[in-house]
Structure formats: C-alpha cells, structure tokens
1. Quick check on packing: order 149-161, 87-99 by the mean number of other C-beta atoms within 10 Å, highest mean leading.
2. What order do you get for 104-113, 73-82, 136-145 when each peptide is scored by the mean count of other beta carbon atoms within 10 Å, highest first?
3. Taking the solvent-accessible surface of protein heavy atoms with a 1.4 Å probe, what is the per residue accessible area of the range 72-130 in Å²?
4. When the Kirkwood hydrodynamic radius is evaluated over all pairs of different C-alpha atoms of the range 111-190, what value in angstrom, to one decimal, is obtained?
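The values are calculated or read from the model by the stated rules, or taken from the named source; none is laboratory data. Owing to the predicted nature of the structure, the values given are computational and were not obtained by experimental measurement. Because the Cβ atoms are built from the backbone with ideal geometry, glycine has one as well, and the counts that use them run over all protein chains shown. We work out accessible area using only protein heavy atoms, side chains counted, and drop any ligands, DNA or RNA first. Shrake-Rupley method; radii C 1.70, N 1.55, O 1.52, S 1.80 Å.
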Amino acid sequence: MPVPIRRLCVALTLCCALLAGATACGSATDDATQNAAAVVAAAATPSPSTTVERQKLAKTRFVANAGLAAGATYQWIVKPWKAGKFKKGASGRRFALVKAGLAGAFAYNRLKAAKKNAQGDPTLSKALAPLTAGIDSLKDLPSKLRKGDSTDATASSFDDIINKVKEAGKSAGAEVTEKVPSAGQLAGGS
C-alpha cells in the first residue's frame, strides 16, 4: 500500500527537526545536569557549625555512647561475673558467656565511638587521651569471653576501663550514666 508523499514528507521533516533539536541541545542538557548535580552536592554538604555547637554535640554523643557501653558491660558482663555465672559448672554458663561476648563486642564498638566523639571536644579529648590504649586493648576480649578463657580477668578489665571512661567524662563535665541497650541494639552492634 503506497504511502502518500505528503505524509512521508511531514514524517521526514518532523524526524529531522527532532534529531537536529536533540543534537543542538545535547551539550546544554549535559551542562544543566552537571549544574543540578553540583547544586545537589553542595546542598548535601553539611554547613560548618560553630565551635560551641560542635562541643555540645560531641559531649552529648560521648555521654550516649559511653552510657550504652557502660550499661551493656554492667548488665551482661559485670553482674553475671559477680554472681559467679562464668565459673565452670555454673548453671547457664554457656548462655551467659555468649551474651557477655556480644556485650563485650557492643561495648568495644560504643567505646570506640565515644573516643571519636571525645575528639570533638578539647576537654574530653584531654581527659580521654590516657584511656585510648586501654580501649584499644579491649578488642580481643569479647572473643575470650565467648570462649570462656580467663573470664575473671576479662570481666575485670572491662569493668576497669568503663569506670575510667566514666571518671574521665565526669572530670570533663560530661557525666556518664549507664543505659542498658536493647537486645536489638546488642545484636546489631550499634
């Protein structure tokens, strides 16, 4: 079936116009896209806050993270340790050791975050500086707790570091209170 010449000319002209228009506007569209991307990236970049705001946030975050670490340590490491749950032959020993291992990993994670928060505040960073080696030494202790190796020494070292972090926070004006994390937070690690 033959196509009328007039329809063919209109279709050909329309295709050429669209092709020419798209080619001519191609670089402008790319520039507009790049400019829009730059605006979005600039908007996503946080604006610098004043020193006072940064210090308040640092102290607040420090207190929250150190409080969670202290709560987890007390609830699932120190309390069972003092109750004798970690001794060989104790009822529920294996479950207590697994919970203590999870709590130890959680506490280590939160203490590392608290140490990072303390770096945002000059007073806290000075108070926490001597404890950084102690916090770093806790890295291998959760696996020792899970295995049941030297549980008395491990629980004691967690308790000591938490107490020192609390004292450092108190001396810097950021008193840490224990906050027991939920089971979801403990399992999730944050």
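1. Numbers: 149-161: 17.5, 87-99: 13.5.
In descending order of packing, they fall as 149-161, 87-99.
2. 104-113, 73-82, 136-145
3. 52 Å²
4. Values: mean 1/r = 0.0730 Å⁻¹.
Its Kirkwood hydrodynamic radius stands at 13.7 Å.
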